[in-house]
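The values are calculated or read from the model by the stated rules, or taken from the named source; none is laboratory data. Just so you know, these numbers come straight off a predicted model, no measurement behind them. Neighbour counts are summed over all protein chains in view; Cβ atoms, including those assigned to glycine, are modelled from backbone coordinates with ideal geometry.
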Amino acid sequence: MVPELNGRGKVKQCGYNNHQSNHKQNMKTNKKKCLGIFAAILLAMSVFSCKKQINENNAETDAKKNDQMHEFNFGGNKILIKEDKGIYYLSDDMILTEQQFNLLKANNNAAISTTARALIMNSLVKRWTNSIVYYNLSNLGADTVSSLKAMQYIARVSPLTFVQRSSQANYINFVKSTGNNSAVGMVGGAQTLNLYNYNTPGIIIHEIFHALGVMHEQCRTDQSSNVVIHPENIPDDKEFNFNQVSVTSYTNHGNFDFESIMMYEPYAFSSNGQPTITRLDGSTYQTSYPAANMSPTDISGINQLYTGFTYTGLAANTNYEIATALDNTKLLNVPGSATANGTQIILYTDGNTNNARWNVTKNAEGYYKLSPLHALSKALTVVGNGIANGTKLEIRTNTGAASQQFNITPEAGGYYLISPRSVPSKNVDVPGSSTANSTLLNIWSYGGANNQKFKFNTF
């Protein structure tokens, strides 16, 4: 039997379009995404479209027009939705039903009352009943491991339970495809979740989030207060991926989150190799794509949308020995009990000493600081704020920099992934899975193997 995954990550037996990040290919299919939460009652959603393109040659009289762009106005914001062969796209990887599109069209009528508008928006995106999501993986053939892992990651941090469908009417049907996209919320019946990257858990989490009712981060109501969208670098037919929704139709969750698994990366859909999204100062940023690292805001957001579970994460204000899953006797260690800035972190056999014990605290945004007990003014740090695979870890005087903040999320078996906020697509990593004493720790792209899993043991 395929396991049912419950909200605490336990297993019970029971009966991006293509998100490929490629700056050199003008980012045609990268789907870095951002978190906005749709709620059927508390949260509503906005709409997107694109520039109308009419086939001037010989459009069939009884067929849907290709690449037709529908423009709506919500709260003073122009919102674009793309229609292609009768399919409505809220963005390239978010598909609306015809009913959802018609609800949005009705909401665009300025003459309707506030009460009627609220009823329309509350009907737009439905949550999964009792936080139970039924699924079918048969169309993935033997390639089901990453989809199951993606559902496990979500289940560990939320009240959601994923159950293999038997005869249930409403379910997600995972399908191999030429792109990555999903329906928005529970739409009724079999809803297709298309996957090109069916072996990439992070992309699958992103698409499942859409199926749960979550939208992209850069489309929040406070978009213009946090990022600059560069239309000069965006093809006309991709404009609908960058709309800013209105305050009247959408509710943000938390602060704007560059590290969200739903955030587009800076070069998404670029037509000329230049950034399509930057910070307000014109600089680019690091995203979690394509890692399976949900940010603290992703986790708190999904728990706002689906209530009934309190996720607290790794207990903070606690002292730990941090052991690799490769060998629980090997710990993160500051060699020689050194206190100098720049001392690099190694693996070393447990010696019951304070240079291998860490005080772990958590800030208001949900990120952790790790300080060695023998030098509490220091913090675990990514060397030089580096972003490249192989960048080492060191201790350095704590300044609260992003390179000294870590997202710590649960894995199976009581282990955790440790991801630096400064480069959320990477994880703390034991290079080459070596357990030899004095192996230098580094960061590396998400791989999901034991060399990136750690256990936090109290003593």
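Here T278 passes the criteria (1) part of a strand (DSSP E or B); (2) within 15 Å of the chain's Cα centre (by Cα) except the one numbered (2). For segment 396-412, a residue qualifies if it is in a strand (DSSP E or B) and under 19 Å from N317 (Cα atoms), and the qualifying residues are T397, F406, N407, I408, T409, P410.
Yes/no per residue for (1) β-branched (V, I, T); (2) in the same structural domain as K426 (by TED's automatic domain parsing); (3) in a helix (DSSP H, G or I):
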{"position": "G282", "(1), (2), (3)": "no, no, no"}
{"position": "S288", "(1), (2), (3)": "no, no, no"}
{"position": "T312", "(1), (2), (3)": "yes, no, no"}
{"position": "I322", "(1), (2), (3)": "yes, yes, no"}
{"position": "T329", "(1), (2), (3)": "yes, yes, no"}
{"position": "L332", "(1), (2), (3)": "no, yes, no"}
{"position": "A340", "(1), (2), (3)": "no, yes, no"}
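For segment 83-90, the criterion of being modelled with pLDDT of 80 or more, assigned to a loop (DSSP other than H, G, I, E, B) and surrounded by fewer than 22 Cβ atoms within 10 Å (Cβ to Cβ) is met by at least one residue. Screening M215 against (1) surrounded by 24 or more Cβ atoms within 10 Å (Cβ to Cβ); (2) more than 30 Å from L140 (Cα to Cα) leaves a single unmet condition, (2). From the list E239, E232, E259, E265, the lone residue that is at pLDDT 95 or above and in contact with a Leu (Cβ under 8 Å, 6 or more places away or on another chain) is E239. Can you pull out every residue in segment 55-82 that is at pLDDT 90 or above and either more than 14 Å from F240 (Cα to Cα) or among the basic types (K, R) (or both)? K82, the sole residue that qualifies. I want to confirm something. Restricting to segment 91-102 and keeping residues that are within 16 Å of G213 (Cα to Cα) and of a type outside the set (S, T, Y), which single residue is surrounded by the fewest Cβ atoms within 10 Å (Cβ to Cβ)? Top of the filtered list is Q99. Evaluation of G254 against the conditions (1) modelled with pLDDT of 95 or more; (2) closer than 24 Å to S283 by Cβ shows that the sole unmet condition is (1). With respect to the stated conditions, K149 is touching a Pro at 6+ places or on another chain (Cβ under 8 Å), at pLDDT 95 or above, assigned by TED's automatic domain parsing to the domain that holds E83 and among the basic types (K, R). As a summary of the residue check, V423 satisfies the conditions (1) surrounded by 21 or more Cβ atoms within 10 Å (Cβ to Cβ); (2) assigned to a strand (DSSP E or B); (3) not small (G, A, S) except for the one numbered (2). Here S131 passes the criteria (1) crowded, with 22+ Cβ neighbours inside 10 Å; (2) within 24 Å of S300 (Cβ to Cβ); (3) in contact with a Ser or Thr (Cβ under 7 Å, 6 or more places away or on another chain) except the one numbered (1). The strands (runs of 3 or more DSSP E) found wholly in segment 171-239 and carrying at least 1 residues that are more than 19 Å from the chain's Cα centre (by Cα) occupy 171-176, 190-195, 227-229.
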